[in-house]
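Below is one structure, written out as structure tokens; comments come after it.
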Amino acid sequence: LYNDDFNCYEFIENSVNDFLNFSKMPIKDPKPKENCLNVPISYDIETSSFIDKNRPINDQRVVIPYSWQIGIYNHCLIGRYIEDINQFMTALKNYLDDHKIKFCKIYIHNLAFEFFHTWRVFENLDKEFLSVDNRTPIEFTLYKKSIRFNDSYQLSNLSLAKTAKGFKRQILKQKPIDYTIIRLPETSL
């Protein structure tokens, strides 16, 4: 769980090393056309939504991100304040620079949703992004395309559950989340 004392760079280094020890794959292509970090990375947010009757009639629904998660291989970092994601992204950019890696890809299932609710908080957001239409971005980047977020839903065209089944991963059954409960960053998980 992320906090102000958390060392994001160390988390990245340990996660990448764990993957490299497991996979025996090189950290980057030895003959790269473009030098990419060859490690699975994913990003997700959790949100609460509610109607604020004090707002104008066309703008009454409010959506608040109350948690973010970064997964690198089998390591997961959870943060509660969406603005804190910038410290992680800065550490990731520093890791790429230190290892002379040009870029990495981070996958988001249904990127349009996460992008809509978080793009304003990202520092170093590149102004251009790839989109299939006005409301469906499929890629956005940070730090002059060093960190590239891609939509895994657009690649698979499957729900997250069906994607996991396709990779023959065990799906842990949990109680359905009650989305009527308003959760904030201070709400216990």
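Going by the alpha-carbon gyration tensor, a ≥ b ≥ c the square roots of its eigenvalues, is the stretch 103-189 rounded (a/c under 1.5) or, if a/c is not under 1.5, prolate (a/b greater than b/c) versus oblate? Oblate is the answer for the stretch 103-189, as a/c is 1.5 or above yet b/c matches or exceeds a/b. Rolling a 1.4 angstrom probe over the chain with all protein chains present gives an accessible area of which 52% lies on carbon and sulfur atoms.
What's the center-to-center distance, using Cα atoms, between the stretch 1-67 and the stretch 75-121 in Å? Spelled out, the Cα-based centre of one part sits 5 Å from the other. Here semi-axes √(5λ) of the Cα gyration tensor in Å was calculated from the structure, and among (1) 29, 19, 18; (2) 29, 26, 22; (3) 26, 20, 14 it sits at label (1). One equal scatterer on each Cα of the stretch 76-128, no solvent, Debye formula: the resulting log10 I(q)/I(0) at q = 0.14, 0.20 Å⁻¹ is -0.43, -0.89.
Solvent-accessible area per residue in the chain equals 66 Å², computed with a 1.4 angstrom probe and all protein chains kept. Only helices enter this figure: runs of n ≥ 4 DSSP H residues, each worth -39500 (n - 2.57), summed and divided by the residues of the chain, yield -8000 deg cm²/dmol at 222 nm to the nearest 500.
For the chain, the relative contact order works out to 20 percent when only alpha carbon pairs closer than 8 Å and six or more residues apart are counted. For the residues D98, D59, D126, a GNM of the chain with alpha-carbon springs under 10 Å puts the largest fluctuation on D59. Exposed loop sites were defined as trypsin sites (Lys or Arg not before Pro) in DSSP loop states (anything but H, G, I, E or B) carrying at most 12 other C-beta atoms within 10 Å; in the chain the longest segment without such a site runs 54-99. Residues whose amide H falls under 5 Å from that of N110, counting only those 5 or more places apart or on a different chain, are S152, Y153, Q154, with hydrogens built in the peptide plane.
The values are calculated or read from the model by the stated rules, or taken from the named source; none is laboratory data. Keep in mind the model is a prediction, meaning the values are calculated, not measured. With ideal geometry, Cβ positions are generated from the backbone for all residues, glycine too; neighbour counts draw on all protein chains shown. With ligands, DNA and RNA removed, areas are computed over all heavy atoms of the protein, side chains included. Shrake-Rupley method; radii C 1.70, N 1.55, O 1.52, S 1.80 Å.
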